[in-house]
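I have placed the structure first, in the form of structure tokens, so that the comments after it can refer back to it.
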Amino acid sequence: MIRTVAPAKINWSLEVLGRRDDGYHEISTVLQTIELHDELTFDAAEGFSLDVKGPYSPGPDDLVLRAGSLFAVERNVSGVDIHLDKRVPVAAGLGGGSSDAAATLRAMGELFGASEEQLAKLAAGIGSDVTFFLRGGTALAEGRGEIVTPLPDARESYLVLVVPAISLAGKTRAMYAALTPGDFSDGARTVALVATIGRGQPLAEALLGNAFERAAYELFPGLGGFRDWMLEAGARSVHLSGAGPALFAPASGEPEARAIRGRMNRARRGERVYVVRTIGASEATLVWRE
């Protein structure tokens with residue numbers, strides 16, 4: 001039996017540089033894994049099965065099943081029994097599904113044998129975030145998000161993470177469609193952020209940001225109220241992760257993060273509030289044999 005983690009991520013920065021000739025948007029983003037995670041266990045078997053614990057029902061396009069099936073075809077594997085303990089909120093901008101897919105590839109590679117190059121090829125066929133999650137830690141993603149460059153682990157940080165219980169149909173498509181030229185930038189913020197990480201320095205909050213924030217506060221009903229709630233509780237700044245609706249606020253350390261969380265003491269509409277720590281590549285990719 002193999003057990004592994006599938007951590008969530010945030011985007012320290014997410015810049016959209018403009019619309020490309022092929023209809024996609026050019027982005028530049030720094031991704032970071034955090035300790036909030038799913039857990040998956042794998043047993044060799046005849047055929048495939050996926051058992052899920054938690055508020056998630058896998059469909060035919062589930063990324064875990066897709067990753068497992070692609071690996072099985074590539075490596076001539078008969079099957080595997082998978083148990084997923086789902087803890088990362090879905091469709092929140094935290095990358096949970098992509099992380100589960102990467103964990104599946106990583107664990108099956110451990111069970112049945114596969115090189116890093118083979119796993120990376122399979123990951124690229126599923127999605128750009130899957131490529132990032134194969135290694136985890138801190139990384140720069142460019143192009144449509146498919147060009148992933150590992151970076152040194154950013155300094156450990158504590159965050160207050162809020163996941164509102166709100167949704168938006170066709171979220172990613174709707175968010176890109178809502179962008180205007182005023183939301184585009186030249187990537188300089190991300191370049192400066194990458195340089196800061198390379199020097200091992202603390203991340204300046206002025207370098208953090210997300211091109212989708214204006215659109216997110218317009219399209220997600222009530223999202224601005226959650227931002228205001230975090231600021232009223234003492235957060236110095238609040239940022240969107242991915243295409244949302246998850247919001248995070250950096251803190252100076254665990255005590256400050258817990259103090260902010262403690263002041264956020266009134267329930268609203270089913271939101272989840274976490275104090276989380278960023279994690280590096282080695283912690284983000286732990287695999288155990290049992």
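Structure notes:
- Considering (1) open to solvent by less than 20 Å² (accessible area, probe 1.4 Å); (2) assigned to a strand (DSSP E or B), the lone condition that Phe132 does not fulfil carries the number (2).
- Considering residues of region 219-242 that are in contact with a strand residue (DSSP E or B) (Cβ under 9 Å, 6 or more places away or on another chain) and open to solvent by 30 Å² or more (accessible area, probe 1.4 Å) only, the residue nearest to Ala257 (Cα to Cα): Gly234
- Identity of the residue in region 36-78, among the β-branched types (Val, Ile, Thr) and in contact (Cβ under 8 Å) with a residue 24 or more places away in the chain, that ends up farthest from Val90 (Cα to Cα): Val77
- Scan of region 96-120 for residues that are of a type outside the set (A, V, I, L, M), in contact (Cβ under 8 Å) with a residue 24 or more places away in the chain and surrounded by fewer than 20 Cβ atoms within 10 Å (Cβ to Cβ), ordered by number: Glu110, Phe112, Gly113, Gln118
- Hits in region 203-218 - residues which are surrounded by fewer than 19 Cβ atoms within 10 Å (Cβ to Cβ) and touching a helix residue (DSSP H, G or I) at 6+ places or on another chain (Cβ under 8 Å): Ala204, Arg214, Tyr217, Glu218
- So Glu205, is it within 30 Å of Ile2 (Cβ to Cβ) and more than 18 Å from the chain's Cα centre (by Cα): no
- Restricting attention to region 2-49, the residues being over 18 Å from Arg106 (Cβ atoms) and open to solvent by 40 Å² or more (accessible area, probe 1.4 Å) number 9.
- Filter result for the condition that a residue is aliphatic (A, V, I, L, M), open to solvent by 10 Å² or more (accessible area, probe 1.4 Å), modelled with pLDDT under 95 and under 21 Å from the mean Cα position of the chain (by Cα), over Ala165, Ala174: Ala165
- Ser282 passes every criterion in (1) surrounded by 14 or more Cβ atoms within 10 Å (Cβ to Cβ); (2) among the hydroxyl-bearing types (Ser, Thr, Tyr); (3) assigned to a helix (DSSP H, G or I) apart from (1).
The values are calculated or read from the model by the stated rules, or taken from the named source; none is laboratory data. This is a predicted model, so every value here is computed, not measured. Because the Cβ atoms are built from the backbone with ideal geometry, glycine has one as well, and the counts that use them run over all protein chains shown. Ligands, DNA and RNA are excluded from the accessible area calculation, which covers all protein heavy atoms including side chains. Shrake-Rupley method; radii C 1.70, N 1.55, O 1.52, S 1.80 Å.
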